[in-house]
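Step one of this worksheet: look at the structure below.
Quick note: the coordinates plus some simple rules give every number you see, no bench work behind them. These numbers were taken from a predicted model, which means no experiment stands behind them. Here Cβ is always computed from backbone atoms with ideal geometry, including for glycine, and neighbour counts include all displayed protein chains.
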Amino acid sequence: MSKIESGLKYTPEHEWFRLESGNRAVVGITDFAQGELGELVFVEVPTVGKSLKKGDVFGTVEAVKTTSDLFMPIGGKVLEFNEAISESGGDNPGLINEDPYGSGWIIKMEATDLSEVEGLLDGEAYQQLIH
């Protein structure tokens with residue numbers, strides 16, 4: 001059974017969203033998503049410094065057998081790509097498999113419209129979506 005963290009918001013595309021302070025947030029993929037993808041071998045986020053709309057692709061995750069797009073849960077600017085999982089940094093995309101809600105986060109962002117958070121799923125709604 002996939003782990004769902006309370007206090008996070010979720011997208012139907014399996015990203016999670018956690019508001020940190022003010023309009024800054026952290027985004028990653030869910031435990032369900034990493035389980036479906038299998039062992040992750042590469043993560044690419046070419047959008048650092050760019051402002052994107054809700055639903056825009058901000059990067060990709062690549063597993064042994066498939067590649068999947070990563071979608072912005074709400075509109076905002078991509079501030080940072082997790083150095084520990086980037087090829088030019090720690091090059092350890094497996095952190096997403098090991099700890100998707102912790103050290104396996106993917107980006108930090110600055111939200112442009114926090115009212116868009118209301119359109120995201122809570123843990124219970126996400127649980128219903130995946131089962």
Take Ala125 and decide whether it is more than 19 Å from Glu62 (Cβ to Cβ), of a type in the set (Gly, Ala, Ser), touching a residue at least 60 places away in the same chain (Cβ under 8 Å) and surrounded by fewer than 18 Cβ atoms within 10 Å (Cβ to Cβ). yes
Qualifying residue in the range 84-94 (condition: crowded, with 16+ Cβ neighbours inside 10 Å and within 16 Å of Phe17 (Cα to Cα)): no
Name the residue that is nearest to Met1 (Cα to Cα), counting only residues in the range 90-112 that are in contact with a strand residue (DSSP E or B) (Cβ under 8 Å, 6 or more places away or on another chain) and without any contact (Cβ under 8 Å) to a residue 60 or more places away in the chain. Gly94
Taking into account only those residues within the range 27-57 that are part of a loop (DSSP other than H, G, I, E, B) and of a type in the set (Ser, Thr, Tyr), which is surrounded by the most Cβ atoms within 10 Å (Cβ to Cβ)? Thr30
I'm trying to understand the selection: among the residues of the range 105-124, which are farther than 20 Å from Asp69 by Cα and part of a loop (DSSP other than H, G, I, E, B)? Thr112, Asp113, Asp122
Those residues of the range 97-109 that are farther than 13 Å from Leu8 by Cα and exposed (fewer than 14 other Cβ atoms within 10 Å of the Cβ) come to a total of 1
Gly102 being part of a loop (DSSP other than H, G, I, E, B), farther than 15 Å from Thr60 by Cα and more than 13 Å from the chain's Cα centre (by Cα): no
Being in a strand (DSSP E or B), more than 25 Å from Thr112 (Cα to Cα) and of a type outside the set (Gly, Ala, Ser) is the filter here; which residues of the range 58-85 pass it? Glu62, Thr67
